[in-house]
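The values are calculated or read from the model by the stated rules, or taken from the named source; none is laboratory data. Worth saying up front: this structure is predicted, and the values here are computed from it rather than measured. When we count neighbours, we look across all protein chains shown, and the Cβ atoms used for this are built from the backbone with ideal geometry, even at glycine. Quick note on the areas: whole protein, heavy atoms, side chains included, nothing else; ligands and nucleic acids left out. Shrake-Rupley method; radii C 1.70, N 1.55, O 1.52, S 1.80 Å.
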Amino acid sequence: MKIAVASDHAGFLLKKEIIHWLKEEEGHQILDFGAFSEESVDYPDYAFPASEAVAGGIAHFGVLVCGTGIGMSIIANKVTGIRAANCLNVDMARLSREHNNSNIICLGSRLIDFEAAKNMIKTYLETDFEGGRHMIRIEKIHSLTGW
Ligand code: RB5
């Protein structure tokens, strides 16, 4: 699978571990949108192009990491085509796929460790959208908001 990954400075080290694991152990193709060091940066500059890559079909899914996952999810959800979910555990990761057809998972490096991140991302990528009543709810989001 092709996965767009981005972080700010706070998420950089966790992003690095995630990318290595996704590539070397899980066999995914990674598009790394930065950041590329722990030097202080602004999360929208990295979340936005990564989200556009997912929305444009260049990547199947996205993984965005900042200190809390909150900033990443706020900006990602402003991109047409994106349903980003800020997740703290495996149940949230699974349900964001089954019920919300989420296409970007946001993680907080100050709240979770690498082990938890791996478990969440693995579950996220392996879980399908259930459709049915959940599709009706997503369509309502689109008709109420324009996306
Ligand atoms: C950076 O200090 C921090 O604000 C950022 O990583 C993120 O948590 C914002 O939502």
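Counting other Cβ atoms within 10 Å, which GluC sites (Glu not before Pro) in segment 1-102 have at most 15 and lie in a DSSP loop?
GLU25, GLU26, GLU38, GLU39
Say each of TRP21 and PHE114 gets a label point 7 Å from the Cα, pointing the same way as Cα to Cβ; how far apart are those two points in nm?
0.8 nm
Calculate for the chain the 222 nm mean residue ellipticity that helices alone would give, adding -39,500 (n - 2.57) per DSSP H run of length 4 or more and normalising by residue count, nearest 500 deg cm²/dmol.
-14000 deg cm²/dmol
If you project the alpha carbons of segment 29-96 onto the principal axes, what extent comes out on each, in Å, largest first?
Result for segment 29-96: principal-axis Cα extents of 34, 26, 25 Å.
Using bins 10 angstrom wide from zero, how does P(r) for segment 5-147 break down, in % of all Cα pairs?
P(r) over segment 5-147, rounded to whole percents: 13, 45, 34, 8, 0.
Which of MET135, PHE36, VAL54 sits farthest toward the positive end of the charge dipole of segment 1-145, with +1 on the Cβ of Lys and Arg and -1 on the Cβ of Asp and Glu?
MET135
Can you tell me which of 125-135, 82-92 comes out highest on packing, and rank the rest after it, using the mean Cβ neighbours within 10 Å? Don't skip to the end; give the middle numbers.
Numbers: 125-135: 12.4, 82-92: 19.0.
Listed from highest to lowest mean packing, they are 82-92, 125-135.
With a 1.4 Å probe and every protein chain kept in, tell me what percent of the accessible surface of the chain is carbon plus sulfur.
Carbon and sulfur atoms account for 51 percent of the accessible area of the chain.
If you line up the long axis of helix 12-24 against the longest principal axis of the chain, both from Cα atoms, how many degrees apart are they, to the nearest 10?
Once rounded, the angle reads 80 degrees.
Hey, can you find the accessible area per residue of the chain for me, probe 1.4 Å, expressed in square angstrom?
Here the per-residue accessible area is 50 Å².
Below 8 Å, C-alpha to C-alpha, sequence gap of six or more: please give me the relative contact order for segment 1-64 in percent.
Relative contact order, segment 1-64: 49 percent.
Calculate the dipole size of the chain relative to its Cα centre from +1 charges on Lys and Arg beta carbons and -1 charges on Asp and Glu beta carbons; express the result in debye to the nearest 20.
Computed about the Cα centre, the dipole is about 520 debye.
Helix 114-126 sits at what angle to the longest principal axis of the chain, using alpha carbons and giving 0 to 90 degrees rounded to 10?
Result, in degrees: 30.
Relative to the first principal axis of the alpha-carbon coordinates of the chain, what is the inclination of helix 133-145, with its axis defined by its Cα atoms, in degrees from 0 to 90 and to the nearest 10?
Roughly 80 degrees between the two axes.
Note down the relative contact order for the chain as a percent, whole number, built from C-alpha pairs under 8 angstrom at least six residues apart.
Details: 291 pairs, mean separation 33.8, N = 147.
Relative contact order comes out at 23 percent.
What Rg and what Dmax come out for segment 76-147 when only alpha-carbon atoms are used, in angstroms?
Calculated on Cα positions, Rg and Dmax stand at 12.8, 38 Å.
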